[in-house]
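For reference, the structure discussed in these notes is given below.
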Protein chains: 2
Amino acid sequence: MRHDLYPTRRRANSTYQARRDPVVWSTAAPPGFVSSEEIETFDRDGVLVLDNLFTDQEIERAVAELDRLRDQADRLEPETVVREPHSDAIRSIFRVHRQSRIFAEMARNPRVRQLVEHILDDEVYVMQSRVNVKPAFDGACFDWHSDFETWHAEDGMPRMRAVSLSVFLSENSYLNGPTMFVPRSHRTFVACPGETPDDNYKTSLRRQEIGVPGNEAISELAEKGGLIAPSGRPGTAVLFDCNLLHASAMNMTPWPRSNVFFVFNAVCNELERPFDGGKPRPEFLAERVPGGGRRYKAA
Amino acid sequence: MRHDLYPTRRRANSTYQARRDPVVWSTAAPPGFVSSEEIETFDRDGVLVLDNLFTDQEIERAVAELDRLRDQADRLEPETVVREPHSDAIRSIFRVHRQSRIFAEMARNPRVRQLVEHILDDEVYVMQSRVNVKPAFDGACFDWHSDFETWHAEDGMPRMRAVSLSVFLSENSYLNGPTMFVPRSHRTFVACPGETPDDNYKTSLRRQEIGVPGNEAISELAEKGGLIAPSGRPGTAVLFDCNLLHASAMNMTPWPRSNVFFVFNAVCNELERPFDGGKPRPEFLAERVPGGGRRYKAA
């Protein structure tokens, strides 16, 4: 039987265990455009805000590209377009690095790759990408969750050796439903109650109910680490660990809020069979190593 | 037929008109504990944050009193206790100045009375009081609205000559669903679409649907005035004009958010018959001048 470092689901309550993986895997000096202090901040808090990864021109092109994708959403792979829970407004478009040359280039940006490869100390690949568009006035919330909990249970990610990069494509203020993070929560794995339903992703992308920690767990971690919600102008980038607790509230302001997310997984951390025993989610949510994961199998 | 300065309801869309009343009615010097600049800010923006109205001891007593009222909610007048839309958690308790000696004293606080009487240039009385408790994790939002629109249509308030004072009874941060205001929106009256249903208040206190301006109106006013969400420690007080657009988002944080509100109306602005033609709302929502409004009738 396969050993499971992070058992979750099929339990009555949230339970805790300490993280069993490093956060920053490399011990070498970081690339020149980030400081050792910034890497230490990421190691300690699980989240780091950077404003020097992209040029203004790159961001302008990405913003225009998002508008183009939304206007032509009927030409995209249908399952990659997720609507709001209470309306037909677009909430997310997945797999943008495979459906858009502009977003493919962002995902290959040399600074991004150098930074992520430094943290994970391995070659990386894009396991998931998406744009999130939180409409003005009634953009719905995302519940508290650790991405790793879902990726481990439903996609078979074995270790905590992946990071997400969120890049603002509009102003993210403290009022328009920004992502809230619990700093330092990445050091604790919160196993979640409940059993994964079949094809859970078909509803969980609109409103997540399984893979949500109990309120006591969130309270305890937030009492220790506090809460932060990075804000900033378009182009601001937030790098966060795969196991960091986060959520975002609804957007009631008259201004939509949009971000593009790239999830980078270490090639050596290739997805296996899902740890919840279910069937794997589709590739648009959890891409395997391109070329069949030879590197993982050889390791 | 009675002349209506601010017609609203029974229309297909939001329409605008300029305010026909002053904001600051007195032209005399303000009381010593507020500056002329602060009064000018209130006149211009419709909202003013003050942190010197109450002593720490007064606030500690009010916080303890809120806990007591919640614990003994079954002893309160039943219709004054409003629950969350999706749970039995207490969302608001109305008429606290008539059900609690501590809150009655807060409403009579000499600084508060001097300030409000200066702005309205008249004797004032408490037309409505309430505590709002936004529970942790799933405290629901309050939709965009101007209080005056409702008070005019449903309670018969003839003129814009009333102000609200919100006093924080817990930390209000930018993340736990603080009240958001559109500065300068008090200068415009936005007439709202729809017809008032019978006993509208029985549902509108949980989730408001009538008396909500159209999104275009909110966008236009917010483009001009921006958005602010005052934050601060317990005891921070926010004075805002009766016609200022405001809303508050849900609270997803692990920390509840509570405030006490007092609405002060000028005695000369005594409530009349509701302007929407319906029957008046109960006294716990819209109290008439104590003693029968003799001053109004004599004016």
Using a simple charge model, +1 on the beta-carbon of Lys and Arg, -1 on the beta-carbon of Asp and Glu, nothing else, what dipole does the protein assembly as shown show about its Cα centre, in debye to the nearest 20? 700
For A:Glu77, inter-copy label distances in nm, listed shortest first [label point 7 Å out on the Cα-Cβ vector]: 6.1
Would you calculate the volume per residue, in Å³, of the smallest convex hull containing every Cα atom of the stretch A:136-199? 148
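Using the eigenvalues of the Cα gyration tensor, what equivalent ellipsoid semi-axes result for the protein assembly as shown when each is taken as the square root of five times the eigenvalue, whole Å, largest first? List each step's numbers first, then the result.
Numbers: eigenvalues 499, 121, 100 Å².
Equivalent ellipsoid of the protein assembly as shown: 50, 25, 22 Å, largest first.
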So, in Å, what gap is there between the alpha-carbon centers of the stretch B:124-203 and the stretch A:245-266? 29
Over the Cα atoms of the stretch A:25-132, what Rg and Dmax result, in angstrom? 16.4, 49
With respect to the symmetry axis carrying chain A onto chain B, which residue of chain A exhibits the smallest Cβ distance to that axis, and what is the value in whole Å? A:Tyr174, 2
Sort A:Trp144, A:Trp25, A:Trp255 from largest to smallest accessible area, using a 1.4 Å probe on the heavy atoms of the protein chains. A:Trp255, A:Trp25, A:Trp144
Quotient of Cα Rg and 2.2 N^0.38 Å for the stretch B:90-176, N being how many residues it contains: 1.22
Which FRET efficiency value, to the nearest 0.05, is calculated for B:Arg111 and A:Asp67 with the Förster distance at 56 angstrom and r the Cβ-Cβ distance? 0.60
May I ask you to give the solvent-accessible area per residue for the protein assembly as shown, in square angstrom, as obtained with a 1.4 angstrom probe? 42
Per residue in the stretch A:154-178, which ones lose no less than 50 Å² of accessible surface when going from chain alone to all protein chains (1.4 Å probe)? A:Tyr174, A:Leu175
For the stretch B:51-202, place one equal point scatterer on every Cα, skip the solvent, and apply the Debye formula. What is log10 of I(q)/I(0) at q = 0.09, 0.10, 0.13, 0.21 Å⁻¹? -0.33, -0.42, -0.73, -1.75
Value of relative contact order over the stretch B:118-263, rounded to a whole percent, pairs C-alpha under 8 Å and six or more apart: 52
Rg/Rh of chain A (Cα atoms, Kirkwood Rh), to two decimals, equals 0.93
Interatomic Cα distance distribution for the stretch B:181-291, bins of 5 angstrom, percent: 2, 8, 15, 19, 21, 19, 11, 4, 1
Inter-copy label distances at B:Ser231 (7 Å, Cα→Cβ; nm, one decimal): 0.8
How large are Rg and Dmax for the stretch A:109-156 when only the alpha carbon atoms are used, in Å? 14.9, 42
Sorting A:Asp51, B:Asp241 on solvent-accessible surface, 1.4 Å probe, most exposed first, gives A:Asp51, B:Asp241
Size of the A/B contact, given as accessible area buried on both chains, probe 1.4 Å, in Å²: 2100
Percent relative contact order of chain A, based on C-alpha pairs within less than 8 angstrom and at least six residues apart? 32
Treat each spin label as a single point 7 Å out from the Cα along the C-beta direction, and report the B:Gln17 to A:Arg233 distance in nm. 4.2
Compute the convex hull volume of the Cα atoms of the stretch B:216-281, divide it by the residue count, and report the result per residue in Å³ as a whole number. 185
Quick one: check the C-alpha center-to-center distance for the stretch A:81-97 versus the stretch B:41-103, whole angstrom. 40
For every helix of n ≥ 4 consecutive DSSP H residues, a contribution of -39,500 (n - 2.57) applies; sum these over chain A, divide by its total residues, and give [θ] at 222 nm rounded to the nearest 500 deg cm²/dmol. -6500 deg cm²/dmol
Per residue of A:247-253, count partner chain C-beta atoms within 10 Å of its C-beta, then hand back the mean as an integer. 6
In the structure shown, do any of A:Lys202/A:Lys224; A:Lys134/B:Lys134; A:Lys134/A:Lys202; A:Lys224/B:Lys202 have a Cα-Cα gap over 30 Å, and if so which? A:Lys202/A:Lys224; A:Lys224/B:Lys202
Provide a whole-number value for the mean count of partner chain Cβ atoms within 10 Å of the Cβ atoms in peptide A:179-186. 1
Going by average Cβ density within 10 Å per residue, which order do the peptides B:187-199, A:147-159 take, highest to lowest? A:147-159, B:187-199
7 Å along Cα→Cβ for the label point: how many nanometres lie between B:Arg108 and each equivalent label in the other copies, listed shortest first? 7.6
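The values are calculated or read from the model by the stated rules, or taken from the named source; none is laboratory data. Please read these numbers as outputs of a predicted model, since none were measured by experiment. FYI the Cβ positions are ideal-geometry reconstructions off the backbone, even for glycines, and counts take in every protein chain you see. Accessible surface is based on the protein model in full, side chains and every heavy atom, while ligands, DNA and RNA are left aside. Shrake-Rupley method; radii C 1.70, N 1.55, O 1.52, S 1.80 Å.
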